[in-house]
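The next block holds one structure in the form of structure tokens; read it before the comments.
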Amino acid sequence: MTNNLLSGKTALITGCGRGIGKAIALTLARAGADIVVNDIDQETAENLAAEITGLGRKVLICCGSVGSRADIDAIFTKIKDEFEHLDILVNNAGITRDNMLMKMTDQEWDQVMDVNLKGVFYCTRAAAEMMKEQAYGKVVNLTSVTALTGNVGQVNYAASKAGVIGITKTLARELARFQITINAVAPGFIDTPMTASIPDEIKQTIVRGIPLGRAGSPEDVANLVKFLASDESAYITGQIISCNGGIYI
Ligand code: NAP
């Protein structure tokens, strides 16, 4: 279904080649937005771009790692060349490198921090530069239920996602004077390639603990992001909104 909620807007969604990011890109495109597709994988980015073009929207592919300052500089140069404005940034790219504390390597810690935390910093700083000129911007960050509850084997991931909450609350205060809002979505257990490798037995145990009785879909998250990226959420900033089927209330 298409509607005009975001028509005339340009949105960058990081890590949107698959999973939740892909659903967000398609949902925002169906709502009328032109889309900047970022992923580290060129092929998935191109496949998604073809789908977005099929919806009648403009699309720009900007591959690169959100954790690389050089990649982000190049991506924003490309965006400025192609579009006059950037209205929406969705900081979706995220990775896991799970391990128990005693076994966790420095590399596993650093990789997760580079993508999940430094990536949000790099992208939001660059986007805010554009958004402040236009006195308009909507930033939506992906945190996680894990940031709120903790999770065994995910000290790096939980710390990075808790950091995203700190970024969200701080920048809501800093950026409000430029009419830029920034909020975070905290998904629970969502059916995506990220969770696909979890053994079936463990998945069933997790789902039994979800009051709504099912894993979330990427579209469940994307619909919330669409609301936070639109003017229907104009007076909401600095909020962490859960989308978790009631697994943590
Ligand atoms: P996913 O299926 O693993 O997709 C993540 C996407 O990010 C992939 O397309 C991946 O590209 C891309 N990516 C990875 N590293 C990147 C980098 N350095 N720069 C740019 N893109 C990069 O994950 P997901 O489940 O959709 O999760 C999306 C977001 O929601 C993440 O921030 C995650 O932490 C959060 N979240 C997910 C869940 C869940 O249950 N799934 C729950 C809570 C929060 P490649 O495919 O090429 O590697």
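Quick rundown of the values:
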| quantity | calculated |
| --- | --- |
| In segment 45-62, the residues that are surrounded by 19 or more Cβ atoms within 10 Å (Cβ to Cβ) and under 17 Å from the mean Cα position of the chain (by Cα) | A45, L48, C62 |
| Count of segment 167-191 residues which are in a helix (DSSP H, G or I) and either under 24 Å from N99 (Cα atoms) or touching a Leu at 6+ places or on another chain (Cβ under 9 Å) (or both) | 1 |
| The one condition in (1) farther than 25 Å from L86 by Cβ; (2) in a helix (DSSP H, G or I); (3) more than 10 Å from the ligand (Cβ to nearest atom) that M194 fails to fulfil | (3) |
| Close pairs (8 angstrom Cβ cut-off, 6 or more residues apart or separate chains): closer than 30 Å to N99 by Cα in segment 127-151, open to solvent by 50 Å² or more (accessible area, probe 1.4 Å) anywhere | V145/S242; V145/I247; V145/Y248; L148/S242; L148/Y248; T149/Y248 |
| Qualifying residue in segment 114-133 (condition: of a type outside the set (D, E, K, R), open to solvent by less than 50 Å² (accessible area, probe 1.4 Å) and not in a helix (DSSP H, G or I)) | no |
| Among (1) of a type in the set (A, V, I, L, M, F, W, C); (2) open to solvent by 20 Å² or more (accessible area, probe 1.4 Å); (3) touching a Pro at 6+ places or on another chain (Cβ under 8 Å), the one test that I40 misses | (3) |
| Long-range neighbours under 7 Å by Cβ, at least six apart or interchain, first residue open to solvent by less than 60 Å² (accessible area, probe 1.4 Å) within segment 67-94, second of a type in the set (D, E, K, R) | G67/D114; G67/K118; D87/K9; D87/K138; I88/K9; I88/K138 |
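The values are calculated or read from the model by the stated rules, or taken from the named source; none is laboratory data. This one's a predicted model, so the numbers in the text were calculated from it and none came from an experiment. Here the Cβ is made from the backbone with ideal geometry for all residues, glycine too, and neighbour counts use every protein chain on show. In case anyone asks, the SASA skips ligands and DNA or RNA and just uses the protein heavy atoms, side chains included. Shrake-Rupley method; radii C 1.70, N 1.55, O 1.52, S 1.80 Å.
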